[in-house]
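Visitor: Got a structure for you, questions after.
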């Protein structure tokens with residue numbers, strides 16, 4: 001008993017110095033990871049922002065300047081504007097497709113009672129998500145090539161007489177993007193479905209709503225936050241997609257991220273690569289912020 | 001009520017929702033299933049149906065020097081990045097989960113930023129930064145320190161990739177932990193360090209294991225950052241695969257992809273035993 005009291009006394013006496021020590025430990029525990037992120041990512045990004053105002057000097061990397069000509073070049077060149085619009089279009093289409101395909105899957109998953117099946121299906125979504133784009137690309141080439149599985153099956157069934165070109169077209173990229181992004185959408189949606197009690201559905205149905213009406217009038221408003229965050233995630237990831245357009249879109253299908261890579265590493269035009277990277281980030285950010293504001297106005301804070 | 005429950009379960013398990021759900025699962029899984037199937041084909045030129053099945057492509061892939069080296073490097077980089085991200089990420093998670101301080105929000109966003117900055121943009125920025133540092137060291141200090149194409153540079157970038165996952169998963173398990181058991185240990189005379197080592201660490205082990213496995217997986221499959229940082233003779237497996245794909249598509253590459261799939265599936269199935277995987281996202 002005395003020992004405890006004594007211990008408490010020492011404890012409170014030590015408090016002021018402990019608080020000071022607390023700040024020191026806080027800092028020293030955070031410092032290594034903060035230094036890594038600041039030096040390994042933030043400084044390079046700031047440096048690249050600065051480079052985007054430099055002038056390209058072929059053969060000598062670049063000359064220091066403070067010009068907007070790289071940005072002007074991007075926005076006045078029909079080719080690059082086209083690349084930007086194609087990227088936006090692909091992102092929009094694949095996000096909508098992910099939403100449409102993801103809704104039933106997430107709902108089914110969320111209401112599934114069989115535990116092992118639920119675990120298996122979640123793994124079946126998460127494993128492809130983390131499989132890496134190289135493996136996925138091999139799969140899509142096998143499936144979509146002129147002599148790929150899909151064409152062969154369709155010809156065998158007599159649906160097609162000659163193979164259709166799917167691989168190395170925009171359609172292949174759309175299919176690839178949808179499959180890459182679906183897991184993110186399903187996981188976002190499943191989280192909100194889990195939070196909506198089944199009694200809402202039962203109430204609506206017992207009051208005579210048909211399933212589809214119940215879905216539209218009861219479930220949909222309740223899961224709006226999940227729909228929004230899922231779409232946002234898919235859209236941002238699609239905007240920045242690199243591997244899918246390069247590997248299954250082929251050399252003549254251009255999207256933003258592959259162009260940034262090309263300018264930075266192949267052409268070595270760093271100022272232009274840098275300005276394209278920032279155009280890509282700025283456009284993505286502007287659109288997502290606008291969308292959140294518009295949705296907030298319509299649905300309240302989500 | 002029974003009629004209602006029946007009607008509800010009919011709509012739920014009802015053909016439309018179920019078929020749509022499985023169609024979606026199939027789209028997600030299709031490329032993977034195709035890869036695994038083709039890797040057993042006997043014919044060297046992929047065609048359907050196969051003439052027979054064989055395991056020889058796995059042997060072939062394993063003996064193919066570029067894949068073998070790429071695999072070794074990827075494992076090496078993955079392990080180093082995982083260890084480094086645990087070493088710096090667990091202390092950071094400890095602070096983030098438990099202390100309130102000015103700038104908490106900023107620190108958290110900073111540590112999560114490698115997830116938010118697009119891979120290609122971050123890769124390009126790190127690449128330019130590394131080259132600038134190389135030039136600076138060479139001109140000013142006459143030191144030759146290769147960063148691009150070096151193991152060090154690759155590991156640094158991969159630690160950056162892994163860090164947010166480690167922090168997120170470890171923080172999640174720390175928040176779920178009852179702090180009183182730690183206080184009990186200290187009131188019984190354990191030093192803070194001993195209390196951390198003997199009490200906190202075992203409790204948050206699931207988060208740490210899942211964080212480590214996730215970090216490894218994220219590092220192993222990365223393409224966007226590595227593509228800027230690999231060098232001649234030092235190329236990770238995914239990039240070796242991409243390079244190979246430029247020229248040919250055959251069962252050998254499918255076998256490599258299948259092996260990577262199995263490795264990563266194993267890592268994820270193990271981490272699912274420790275940690276609810278959907279909570280990681």
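Visitor: What is the calculated FRET efficiency for residue A:24 to residue B:136, with r their C-beta to C-beta distance and R₀ = 35 Å, to the nearest 0.05? It would help to have the intermediate numbers written out before the result.
Guide: Numbers: r = 33 Å, r/R0 = 0.93.
Computed FRET efficiency for residue A:24 and residue B:136 comes out at 0.60.
Visitor: Separate question: Within the P(r) computed for chain A, what percentage of the Cα pairs occupies the region above 26 Å? Walk me through the numbers before you get to the answer.
Guide: On the way: 28871 of 45451 pairs.
Tail of the P(r) past 26 Å holds 64 percent of the pairs.
Visitor: Quick check: residue separation of residue B:44 and residue B:186 times 0.36 nm, minus the Cα distance between them. What number comes out in nm?
Guide: On the way: separation 142, 0.36 × 142 = 51.12 nm, distance 6.55 nm.
Result for the pair: 44.6 nm of gain on full extension.
Visitor: Then there is this: Quick one: give the max-minus-min coordinate of the C-alpha atoms of region B:66-280 along each principal axis, largest first, in Å.
Guide: 64, 50, 27
Visitor: If each DSSP helix of 4+ residues adds -39,500 (n - 2.57) and the sum is divided by the residues in chain B, what number results at 222 nm, nearest 500 deg cm²/dmol?
Guide: Working: 13 runs with 207 residues, N = 281.
Helix contribution divided over all residues of chain B: -24500 deg cm²/dmol.
Visitor: Round to a whole angstrom and tell me the spacing of the C-alpha centers of region A:118-166 and region A:253-295.
Guide: 29 Å
Visitor: Divide by every residue of chain A the summed helix terms, -39500 (n - 2.57) for each DSSP H run of at least 4, and state the resulting mean residue ellipticity at 222 nm, rounded to the nearest 500 deg cm²/dmol. Present the calculation step by step, with values, prior to reporting the outcome.
Guide: Values: 15 runs with 219 residues, N = 302.
When only DSSP H runs of four or more count, the value is -23500 deg cm²/dmol.
Visitor: Would you mind telling me which residue in A:108, A:261, A:242 has the biggest mean-square fluctuation in a Gaussian network model of chain A, where springs connect alpha carbons within a distance under 10 angstrom?
Guide: Of A:108, A:261, A:242, the most mobile in the Gaussian network model is A:108.
Visitor: Determine, for B:221, A:159, B:38, the number of other Cβ atoms within 10 Å of each Cβ, and report the residues in order from fewest to most. Spell out each step's value before the answer.
Guide: On the way: B:221 22, A:159 9, B:38 28.
Going from sparsest to densest Cβ surroundings: A:159, B:221, B:38.
Visitor: Points 7 angstrom from Cα along the Cβ direction at residue A:115 and residue B:62: gap in nanometres?
Guide: 3.7 nm
Visitor: Sticking with this one: Using the alpha-carbon centroid of each, what span in Å lies between region B:47-80 and region A:200-217?
Guide: Each part reduced to its Cα centre gives a spacing of 52 Å.
Visitor: Let me ask something else. Please label the shape of region B:173-281 as rounded, prolate or oblate, based on the square roots a ≥ b ≥ c of the eigenvalues of the alpha-carbon gyration tensor (a/c under 1.5 means rounded; beyond that, a/b larger than b/c means prolate, else oblate).
Guide: Details: a/c = 4.21, a/b = 2.71, b/c = 1.55.
Because a/c hits 1.5 or more and a/b exceeds b/c, region B:173-281 counts as prolate.
Visitor: Sticking with this one: State, to one decimal in nm, how far the label point of residue B:54 lies from the label point of residue B:178, with both points 7 Å from Cα in the Cβ direction.
Guide: Result for the modelled spin labels: 6.1 nm.
Visitor: Which whole-number percent gives the relative contact order of chain B, counting Cα pairs below 8 Å spaced six or more residues apart? Can you show the working numbers first?
Guide: Numbers: 303 pairs, mean separation 86.5, N = 281.
Dividing the mean separation by the residue count of chain B yields 31 percent.
Visitor: Dividing the alpha-carbon radius of gyration of region A:181-302 by 2.2 N^0.38 Å (N being the number of residues), what value is obtained?
Guide: On the way: Rg = 20.0 Å, N = 122, 2.2 N^0.38 = 13.7 Å.
The reported ratio for this selection is 1.47.
Visitor: Same structure again: Go ahead and run the numbers for FRET between residue A:288 and residue A:265, Cβ-Cβ distance against an R0 of 30 Å, rounding to 0.05. Provide the component values of the computation, followed by the final result.
Guide: Numbers: r = 28 Å, r/R0 = 0.92.
That gives a FRET efficiency of 0.60.
Visitor: Considering the protein assembly as shown, what Rg and Dmax in Å follow from its alpha-carbon atoms?
Guide: Looking at the protein assembly as shown, its Cα Rg and Dmax stand at 26.2, 93 Å.
Visitor: How much space per residue, in cubic angstrom, does the convex hull of the C-alpha atoms of region A:61-175 take up?
Guide: It is 215 Å³ per residue.
Visitor: Also, quick follow-up: Between residue B:75 and residue B:144, what is the label-point separation in nm under the 7 Å Cα-to-beta-carbon projection?
Guide: About 3.2 nm separates the two model spin labels.
Visitor: How long are the three semi-axes of the equivalent ellipsoid of region B:67-153, in whole Å, if each is the root of 5 times an eigenvalue of the C-alpha gyration tensor, listed from largest down? Each step should come with its number before you reach the end.
Guide: Details: eigenvalues 168, 80, 38 Å².
They are 29, 20, 14 Å, listed from largest to smallest.
Visitor: Kindly put B:155, A:98, A:231 in sequence by how many other C-beta atoms sit within 10 Å of each C-beta, fewest to most.
Guide: Values: B:155 20, A:98 30, A:231 24.
Listing B:155, A:98, A:231 from fewest to most nearby Cβ atoms yields B:155, A:231, A:98.
Visitor: If I build a Gaussian network model for chain B, linking alpha-carbon pairs within less than 10 angstrom, which residue out of B:227, B:36, B:19 has the largest mean-square fluctuation?
Guide: B:19
Visitor: Taking each residue of A:239-248 in turn, how many C-beta atoms of other protein chains fall within 10 Å of its C-beta, and what is the average? Provide the component values of the computation, followed by the final result.
Guide: Details: counts 1, 7, 4, 8, 7, 0, 0, 3, 5, 2.
Average per residue, whole number: 4.
Visitor: While we're looking at this one, here's another question. Of B:73, B:263, B:86, which is the most mobile in a GNM of chain B whose springs link Cα atoms less than 10 angstrom apart?
Guide: Ranking B:73, B:263, B:86 by mean-square fluctuation puts B:263 first.
Bear in mind that the values in this text are calculations on the coordinates, not laboratory data. Because the structure is predicted, anything quoted here is derived from the model rather than measured. Please note: Cβ atoms are built from the backbone with ideal geometry, for glycine as well, and neighbour counts cover all protein chains shown.
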